[in-house]
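The values are calculated or read from the model by the stated rules, or taken from the named source; none is laboratory data. Everything numeric in this text was worked out from a predicted model, so none of it was measured. Backbone-built Cβ (ideal geometry, glycine too); neighbour counts: all protein chains shown.
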Amino acid sequence: MSEDEEDMATCGACQTNVPANSTSCPSCGVSFSGIVEEDLGECGACGALVPLDSKTCSQCGVLFVHDDVVQVLSDWMEETGLDVPTLFGRLDTDNSGSIDTDELREGLIALRIAALPPVEVERLIAEIDQDQNGTIEIAELQNILGQGSMAFSENVLESVMKKSGIDDRDAFVAFATSYDENENKYLDRAELKKAAEAFVNREDVEVEPMEREMPEEEAEEEEAEEEEAEEEDEDDAFASALA
């Protein structure tokens with residue numbers, strides 16, 4: 001290769017040959033850095049190319065795995081002031097009273113919250129779907145988003161408990177409710193991890209009974225009473241011996 005020649009690479013989006021040190025493709029505009037050495041996939045929300053093992057899109061920030069979707073959705077609702085019934089109405093596009101797999105996937109993409117592959121959507125539905133009928137009803141959405149009782153991801157809970165060596169689920173969940181630091185009625189991974197650390201390291205503090213220091217006069221009276229009782233016991237024993 002002559003000095004005038006330069007290293008070339010192929011754009012993963014349009015297959016155009018571009019200089020290896022390019023920061024973007026002059027043909028399609030996709031941003032990249034250097035030679036692509038890993039498999040890429042297209043973000044379902046913004047179309048950007050990202051590594052297939054990515055958990056989020058580096059361009060638009062949507063999620064590709066379901067683990068943190070509930071927390072992100074909860075935060076987004078708090079920022080926008082949207083309530084669960086309104087969100088449910090946006091996702092339930094056929095007005096059937098329930099959200100199916102396709103509605104959830106397309107709705108999360110439209111809201112730019114997550115672009116989940118089918119298997120991740122199914123896992124998210126299974127996590128929220130309390131009656132296990134394959135769809136999400138409004139009460140189930142309210143519960144998981146913290147507008148019902150305290151909510152959390154079962155998968156995250158199981159993972160945290162397993163890593164921390166915690167077996168008593170009910171005791172830990174009850175203990176962890178006080179670690180809802182942002183008070184959104186949803187325990188995220190960070191809060192559950194903090195609760196698990198405290199749960200494992202907690203010590204039952206045994207309070208030693210403190211001996212009460214009696215005034216000198218009271219101590220003398222108590223000692224006199226004990227001596228008197230001992231003398232009475234001796235007299236009784238002597239009388240019994242003479243009988």
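Within the stretch 174-220, which residues are of a type outside the set (D, E, K, R), at pLDDT 85 or above and more than 18 Å from D75 (Cα to Cα)?
Residues of the stretch 174-220 that are of a type outside the set (D, E, K, R), as a first pass: 174-179, 182, 184, 186-187, 190, 192, 195-196, 198-201, 205, 207, 209-210, 214-215, 219.
This time we only want the ones that are at pLDDT 85 or above, so: 175-176, 179, 190, 192, 195-196, 198-201.
F175, A176, A195, A196, A198, F199, V200, N201, listed by residue number.
Looking at (1) modelled with pLDDT of 80 or more; (2) of a type in the set (S, T, Y); (3) within 23 Å of T177 (Cα to Cα), which one does S149 not meet, given that it meets all the others?
All conditions pass for S149, except number (1).
If we keep just the residues of the stretch 151-181 that are aliphatic (A, V, I, L, M) and exposed (fewer than 15 other Cβ atoms within 10 Å of the Cβ), which is farthest from F88 (Cα to Cα)?
My answer is A171.
Could you count how many residues in the stretch 112-128 are surrounded by 18 or more Cβ atoms within 10 Å (Cβ to Cβ) and either aromatic (F, W, Y) or in a loop (DSSP other than H, G, I, E, B) (or both)?
Going through the stretch 112-128 one residue at a time, the tally reaches 3.
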